[in-house]
Amino acid sequence: MSAIFPESVLMNPLLASEDVGWWTRLWFRAKASTFAGETDAIYNFIFWVSIAFFVVLMFLMVYWGIKYRRKPGVAPEISPSHNTPLEIVWTVVPTILLFVMFVWGFKGYLNKAVSPVDAEVIQVTAKKWNWTFEYKTGAKSRELDRMADMDVPVFALPLNRPVKFVMSSDDVIHSMFFPEFRAKRDVMPNRYTTMWVQPTGKPTHTVERYDNGKKLRLAPLDSAGNVITDMAERAGKGYNLFCTEYCGDQHSQMLARIAVLAEADYKDWLDYQGDTSGVPLNVLGEQLYKLQGCATCHSVNGAKGTGPTWKDIWGETHKSTTGASATVDENYIRESILVPGAFVREGFSNQMPSYQGKMKDREIRALTTYIMSLNDKFKQDAQAVSDEEMAKQQGGSGSTPAK
Amino acid sequence: MAAHAAHAHPHGSHGHHDEPYYASKGSLWKTVMSWVYTVDHKKIGVMYLVAVLLAFFLGGVFALLLRAELYEPTKTLADGTVTGQMFKGWTSAQGEVTSNNIYNRLFSLHGTVMVFLFIIPSIPAALGNILLPLMIGAKDVAFPKLNLMSWYTYLFGGAFALWALIGGGVETGWTFYTPYSSTTNWGNVTAMVLGAFILGFSSIFTGINFIVTVHKLRTPGMGWFDMPLFVWATYATAIIQVLATPVLGITLLMIVFERVFRTGIFDPALGGDPVLFQHFFWFYSHPAVYIMIVPAFGVVSELLAVHCRKRLFGYRAIAFSSLAIAAISFLVWGHHLFAAETPAANAIFSALTFLVAIPTAIKVFNWIATMYKASISWNTPMLYAMSFLFNFTIGGLTGPPLATLATDIHLTDTYFVVAHFHYVMMGGTVFAFVGGLHHWWPKITGRMYNEAWGRVGAVLVFIGFNMTFLVQFILGTQGMPRRYATYVEMFEGMHKFSTIGTWVLGFGFVIHLLVFVLSLVSGKKASANPWGGLTMEWEAASPPIEHNFHREPLMTHGPYDYDTAVPPHCNEKDYPLPTPKPGMAMAH
């Protein structure tokens, strides 16, 4: 059975940042926002009221079921089929308890629904099947983690400070759910919706410099607050972001990881994410491929998905659904990103949302260069384009080798 | 029917008045035609019964497959297994099938088939058709031809659903949320939605028929409060069916318009509002939840009374709470939208939702109080009645965390909701339906089933069901979202446990199926009243004659007067009457 229950059936391994008892761990895993405690308290109140009713009712059912089981030829006693005081009691008592639940639940809900005025605003864009957070500096996350066989973005949030999410969808209805914060709100295609959280507890991550201090990345912390140094142990730490409104094929892989950072780390992380100028085009392209949701539909290994694979696509000539033909080059890629419906390749349907206004010019060039590099025949060219652009950035003083 | 072939009454010499309703008409052709053109409520009910059982089987297979898919976090059925290849082949024009797509179609079809083809018609159209006229001492329903039309409408709608299924199915979920459902180009959403639209008419026809039947065709002397509680429940259900189903019809038609004519009611790209759809949809579908559960309340009331041999505690409270639930059910649809709507709307719908909990709780208290000082037989129907009370109490008590706003925000669209409504829909309605099927099996077929194996099946179904769904509450509170083809590794243990539960559950149902088939082939002949029931269907023969009763039956006792009346066709030796204590009120 150990193969079936690798850890244990109910208990999940401890998270780095939590400080909760086994009861909360069993039911909720972790607790990490200002209003999570109240939600849990209301849940526990309802739970114990329910347990009390359930135990009494089931005890009576089984006890009477055995005590009054049928004995052949024996007449049952006559017993009342109506008892006004009893019936009043069992109507009034649940009514009072339900009223308490309603009032307490409404109060707890208002705490979730009304955000503090000083909350830092993060713009959230949902689309099939990817989340994007745009921070107040304009920065977007470039960090990745692995969840359910997908590379998903990691979003950092500041500890002990309220953040407000202003959310919209590019296509269908999605829903943003943070189980550890007990927070959820639908994301609509035709209006903005908002939610807010204030992460509490301990930070889940810190930031560390590597590659001679040139680069910066998140480093998960263990329950004692120490950096986890073993790279193999680093995946899967932090909190979860799930999409909870069914949105099609990759709904279950529309995920993100949440890292809660101390204030100074958060600022460092944000500054670093905001500045992509030092990242060579082909490297940035690969990051964007995973972070902007391209990976959910386009493979890079030749496998067919919702959209065409990018492997060896550069330089090929394809027919469209309307019979036109075109060769994949810079213009082709640019048009596909900004006006996806203009040329839909034969055998596929027009599923892709437009990225007009969502990508900077350099980001489009980065993706183009990355796609170029996926065809072995053009790999050298892609490298040269990247190097040349890097060199120009640094004032033409020689090329910087990428990776 | 096999049972009939085995012990057919001699034909011709006797008048057909004494023959069972399903008796052969001489030739095979004539017999088949006697079913095709029948206006007999029992035959229509039996045809419905066969159809809903087939739908239940189909939906059950989808359930087993989707749980199998969830056995591993990301590996899927599509990877290398024979089933996977089969499902990949089950494709449509939109190109290659991803493994997530297979799961998405499985859960959508499971929901659609179970809701529209199985649960909604299960108790009202199948058991209700057979029993309602018998219970009120009538010859048939008020509009027998409308009844037949309802059956053929169901078949027609079912054919649409089947067409949608074979052509690749749907992957929108049974809720068809816009703009996903109005824009997805996968599968046969239009055909499936039209199927559900047509099935709605079948439901409305049955509802109208039952309302008029209850009002006009009760046997002389049967007042409203002499009606069995199954009749009350079916009556309350019929009212919801007639009032709510048209809204679903209009809403589904609007999806078809949206897809075909691009009308722009729901799709924001065309200027519509997707949340409007959710309001329309749940304005029907929440009352529909009570179309599914209220008939089960009626069945369980009958099972408890007969197998506890006891007047039901609080008859009027149970009857009125059915009506109260039917009325309040129209005012609570907004609780499906707590994550989508604004605080003011949510506060109102949260409060109204709590109102439903009160009559529901009262019912459970009454049922359990009925067992006090009763004479309880632990047979299969009673095991199902007690399993119902166990499951439905859990299903009911997990309602308040979802009606409470602060907790619902966390729990909505997670496995907590999945577990909650399966405890009500399956643990409640399906358990009542299977219990009722055993209870009325002798009446419908004229044969007894094997009691010992019936109990084995009941215990396995109970264990399998609770293994499958109890753990899903914790999956939900820990944050596992519903409708996920893949999941993060931390949920693996509970998902595996749940999947193993479905195997036990499926095995239990296989035993029930064998018990029923064996009963038809070689079951003991049933007496007219094998359980000692007092309601009027037990006065008729088992199986009843075509016109139900030889003459209009008279009300000589109330439906639950176990203290004072010996059940029809029964001996007082087997059902001794209690001696009244001096001064004890015997008023009804």
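So the values come out like this:
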quantity: Overall Cα dimensions of the protein assembly as shown - principal axes, largest extent first, Å; calculated: 110, 61, 51
quantity: In degrees, nearest ten, helix B:431-445 long axis to first principal axis of chain B (Cα); calculated: 40 degrees
quantity: Candidate aspartates and glutamates - alpha carbon under 17 Å from A:Lys71, same-chain residues fewer than 8 apart omitted; calculated: B:Asp563, B:Glu572, B:Asp574
quantity: Apportionment of accessible area to carbon and sulfur, chain B, percent (1.4 Å); calculated: 70 percent
quantity: Cβ-derived FRET efficiency at R0 56 Å, B:Ile250 paired with A:Lys215, nearest 0.05; calculated: 0.45
quantity: Contour minus Cα-Cα distance for B:His547 and B:Ile500 (0.36 nm per residue); calculated: 12.2 nm
quantity: Contour excess over end-to-end distance, with Cα ends at A:Ala303 and A:Lys136 and 0.36 nm allotted per residue; calculated: 56.4 nm
quantity: Accessible area of segment B:38-538 divided out per residue, in Å², using a probe of 1.4 angstrom; calculated: 27 Å²
quantity: Accessible-area value, A:Val100, 1.4 Å probe, nucleic acids and ligands omitted, Å²; calculated: 60 Å²
quantity: Residue-wise HN-Hα coupling along segment A:134-143, computed from phi with Karplus coefficients 6.51, -1.76, 1.60 (Hz; x: Gly, Pro); calculated: 10, 6, 4, 7, x, 6, 10, 5, 10, 9
quantity: Acute angle (nearest 10 degrees) that the helix B:380-397 long axis makes with the longest principal axis of chain B, alpha-carbon atoms; calculated: 40 degrees
quantity: Cα gyration tensor, segment A:192-234 - rounded (a/c under 1.5), prolate or oblate; calculated: oblate
quantity: Segments B:342-349, B:55-62, A:223-230 sorted - mean Cβ within 10 Å per residue, highest first; calculated: B:55-62, B:342-349, A:223-230
quantity: Local electrostatic count at A:Ser168 - Lys and Arg +1, Asp and Glu -1, tallied over other residues with Cβ under 10 Å; calculated: +1
quantity: Charge dipole (debye, nearest 20) of segment A:304-403; +1 at Cβ of Lys and Arg, -1 at Cβ of Asp and Glu; calculated: 280 debye
quantity: Residues A:Ala52 and B:Thr579, FRET efficiency given R0 of 51 Å [Cβ-Cβ distance, rounded to 0.05]; calculated: 0.85
quantity: Spacing of the two label points (7 Å from each Cα toward its C-beta) at A:Arg161 and A:Leu338, in nm; calculated: 3.6 nm
quantity: In degrees, nearest ten, helix A:379-393 long axis to first principal axis of chain A (Cα); calculated: 90 degrees
quantity: Beta bridges per DSSP with both ends in the protein assembly as shown, % antiparallel, nearest 5; calculated: 75 percent
quantity: Nearby lysines by direct alpha-carbon distance to A:Lys267 (threshold 22 angstrom, same-chain neighbours under 8 apart not counted); calculated: A:Lys136, A:Lys140, A:Lys164, A:Lys202, A:Lys214, A:Lys215, A:Lys237
quantity: Probe 1.4 Å, accessible area per residue of segment A:105-231, Å²; calculated: 37 Å²
quantity: Accessible carbon and sulfur surface of chain A relative to its total accessible area, %, 1.4 Å; calculated: 57 percent
quantity: Residues in segment A:236-252 that, when all protein chains are in place, have 40 Å² or more less accessible area than the chain alone would give (probe 1.4 Å); calculated: A:Phe242, A:Thr244, A:Glu245, A:Tyr246, A:Asp249, A:Ser252
quantity: Exposure rule at most 13 other beta-carbon atoms within 10 Å, DSSP loop GluC sites (Glu not before Pro): chain B longest free segment; calculated: B:97-571
quantity: Size of the A/B contact, given as accessible area buried on both chains, probe 1.4 Å, in Å²; calculated: 8700 Å²
quantity: Residue-span extension gain [A:Met359 to A:Ala41] - 0.36 nm each, minus C-alpha spacing; calculated: 110.1 nm
quantity: B:Met33 - accessible surface, heavy atoms, 1.4 Å probe, Å² rounded to 10; calculated: 50 Å²
quantity: Virtual spin-label span in nm between A:Val89 and A:Glu233, 7 Å along Cα→Cβ; calculated: 5.8 nm
quantity: Shielding by other protein chains, B:103-111, mean Cβ within 10 Å; calculated: 1
quantity: Surface accessible to a 1.4 Å probe, B:His110 within the full protein complex, Å²; calculated: 40 Å²
quantity: Local electrostatic count at B:Phe225 - Lys and Arg +1, Asp and Glu -1, tallied over other residues with Cβ under 14 Å; calculated: +1
quantity: Neighbour net charge for B:Gln472 - beta-carbon separation under 11 angstrom, K R +1, D E -1; calculated: +2
quantity: Segment B:479-568 - percent relative contact order, Cα under 8 Å, separation 6 or more; calculated: 23 percent
quantity: Other protein chain Cβ atoms within 10 Å, averaged over every residue that makes up B:386-395; calculated: 2
quantity: Average beta-carbon neighbours from other chains, 10 Å sphere, peptide B:304-317; calculated: 3
quantity: Aspartates and glutamates with Cα under 17 Å of B:Lys25, excluding same-chain neighbours fewer than 8 positions away; calculated: B:Asp40, B:Glu546
quantity: Accessible-area ranking of B:Phe320, B:Phe392, largest first, probe 1.4 Å; calculated: B:Phe320, B:Phe392
quantity: Chain B, relative contact order [Cα under 8 Å, separation at least 6], %; calculated: 16 percent
quantity: Computed FRET value (nearest 0.05) for A:Arg191 with A:Trp23, which takes r as the C-beta separation and R₀ as 35 Å; calculated: 0.35
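The values are calculated or read from the model by the stated rules, or taken from the named source; none is laboratory data. All values derive from a computational prediction rather than experimental measurement. Here Cβ is always computed from backbone atoms with ideal geometry, including for glycine, and neighbour counts include all displayed protein chains. For the accessible areas, the whole protein counts, side chains as well, though only heavy atoms, and no ligand, DNA or RNA atoms are used. Shrake-Rupley method; radii C 1.70, N 1.55, O 1.52, S 1.80 Å.
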